[in-house]
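One structure is given here, and the rest of the page talks about it.
Nothing in this text is a laboratory measurement; each read-out follows from the coordinates by a stated rule. Keep in mind the model is a prediction, meaning the values are calculated, not measured. FYI the Cβ positions are ideal-geometry reconstructions off the backbone, even for glycines, and counts take in every protein chain you see.
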Amino acid sequence: MSVQTALSFRLLPWVFTPFLLLSCTPADPLQHFSGPAQGSTYNITYWTDAQIKATDLQQQITNELDRIDVVMSNYRPDSVIEQFNSNKVSTAQQVGAELVALVEDARQVTQASQGCYDLTVKPLFELWGFKADKFNQPTPEQIAETMQVVGMDKISTSADLMTKVNPDARVDVSSIAQGYTVRQLALLLEKAGVTNYLVEVGGELQVRGKKPAGQPWKVAIEKPLPGDQRLQKIIEVQQDEPLAIMTSGTYRHYFDANGQRFSHVLDARHGAPVRHHTVSTTVLIDNATFGDAWSTAFLCLGSADGLKVADALGLKVLFIDQDGDQLLEKSSQALAQSKSVVLR
């Protein structure tokens with residue numbers, strides 16, 4: 001649902017997904033439920049020896065999804081974030097400590113990505129025609145004018161308040177909110193005593209523990225090519241601690257015009273689509289909130305600059321570049337040296 005990512009499903013978690021469903025025997029202890037969420041869907045698979053009523057657990061999940069939706073969803077005009085956006089004032093607005101904390105988490109990624117990742121790029125997204133799905137090549141003057149309302153420096157926070165330095169600035173948290181949602185749902189499962197699970201929202205997911213009989217969770221990344229749902233890579237999780245796996249790609253939303261391709265991924269520093277050849281990034285991290293933001297940030301940076309940042313921060317990241325018909329995989333040092341995941 002993100003204006004920055006707009007990716008549809010990006011990960012194919014084995015055990016369940018609309019794309020890949022493994023059959024279960026009647027004795028299979030895996031429990032599963034799913035439903036609509038944040039303009040997409042959610043899927044939860046788990047197993048436990050604890051006495052948990054599945055219907056009660058699903059109701060808790062539904063309630064939490066509804067609560068987050070009212071606060072953070074940019075597609076509904078009555079949400080807290082869209083009310084903030086629609087109020088064109090420079091006075092502080094009460095949005096709640098939860099939303100403030102999320103914006104500040106995003107600000108950390110903005111700073112670490114040298115400003116490439118930014119929650120305020122929605123006006124640029126509209127300027128280039130991605131919202132209307134009608135390509136528009138803006139003039140340098142139009143870009144410069146739009147850039148007046150772009151930048152995390154246009155937003156300040158304090159306690160449960162957010163303030164626009166420029167009253168026309170807007171904040172779109174969808175490039176981080178789904179990761180946050182995944183984390184919140186996982187915490188609900190853990191609070192209920194579930195320590196073996198796979199939680200997925202809109203293609204973002206987190207796993208913990210193992211499948212029955214000690215089998216590792218396996219997650220398949222699709223080949224980052226338009227109209228192609230074949231598998232590119234299988235990630236086999238070897239650790240029991242929670243692990244978020246977040247993937248972003250350029251191959252679902254783009255324009256071909258004037259002999260070149262324009263990606264929907266916008267560099268907030270320049271006000272234009274990225275020009276590198278990175279088409280997919282996957283981040284493996286213990287914090288799903290940051291994983292969601294970083295997958296977009298690394299897609300913005302591209303592999304050349306992104307690997308430097310990933311290595312400096314010790315982050316596990318897989319970059320996939322496209323060179324003609326070839327797909328080239330590049331792993332960060334932390335991923336290449338990791339024993340907690342196996343890439344096949």
| Dipole magnitude of the chain about its Cα centre (Cβ charges: Lys, Arg +1; Asp, Glu -1), debye to nearest 20 | 400 debye
| query | Do the sum for the chain: with -39,500 (n - 2.57) for every DSSP H run of n ≥ 4, divided by all residues, what is the mean residue ellipticity at 222 nm, to the nearest 500 deg cm²/dmol? | reply | -9500 deg cm²/dmol
| remark: Expressed in µm² per second, the diffusion coefficient of the chain from the Stokes-Einstein equation, with Rh the Kirkwood radius over alpha carbon pairs, at 10 °C and 1.306 mPa s, is 77 µm²/s
| task | Identify which of Val265, Val80, Val201 has the largest mean-square fluctuation in a Gaussian network model of the chain, with springs joining Cα atoms closer than 10 Å. | result | Val80
| request: With 23 Å as the limit, write out which pairs from Lys211/Lys233; Lys154/Lys308; Lys210/Lys330; Lys233/Lys339 have Cα-Cα distances beyond it, or answer none. | output: Lys154/Lys308; Lys210/Lys330
| task | List the residues whose amide H sits under 5 Å from the amide H of Gln232, counting only those 5 or more places along or on another chain, with H placed 1.01 Å from N in the peptide plane. | result | Ile221, Glu222, Lys223
| query | Which listed residue (Val274, Leu335, Ala37) has the Cα farthest towards the positive end of the charge dipole for the chain, taking +1 on Lys and Arg C-beta and -1 on Asp and Glu C-beta about the Cα centre? | reply | Leu335
| Net length gained if the chain between Phe33 and Glu236 were fully extended (0.36 nm per residue, minus Cα distance) | 70.8 nm
| query | Taking 1 over the mean of 1/r across every pair of different Cα atoms in region 276-344, what Kirkwood radius in Å do you get? | reply | 12.0 Å
| query | For the chain, with the dipole built from +1 on Lys and Arg beta-carbon atoms and -1 on Asp and Glu ones, taken about the Cα centre, which of Leu205, Asn87, Ala293 lies farthest toward the positive end? | reply | Leu205
| note | Which of Phe33, Phe130, Phe290 fluctuates most in a GNM of the chain (C-alpha springs under 10 Å)? That residue is Phe33
| field | Sorted largest first, extent of region 103-162 alpha carbons per principal axis (Å) | value | 39, 23, 21
| field | Candidates Lys330, Lys308, Lys211, ranked by Gaussian network fluctuation over the chain, Cα under 10 Å, top entry | value | Lys308
| Cα long-axis angle, helix 54-72 against the chain (0 to 90 degrees, to the nearest 10) | 10 degrees
| What residues qualify as long-range amide H neighbours of Phe33, i.e. H under 5 Å apart, gap of 5 or more or another chain, H built at 1.01 Å from N? | Ile44
| In order through region 177-190: 3J(HN,Hα) via Karplus (6.51 cos²θ - 1.76 cosθ + 1.60), integer Hz, x for Gly, Pro | 5, 5, x, 4, 4, 4, 5, 5, 5, 4, 5, 4, 4, 5
| Considering the alpha-carbon set of region 118-205 alone, what are its Rg and its Dmax in angstrom? | 18.0, 57
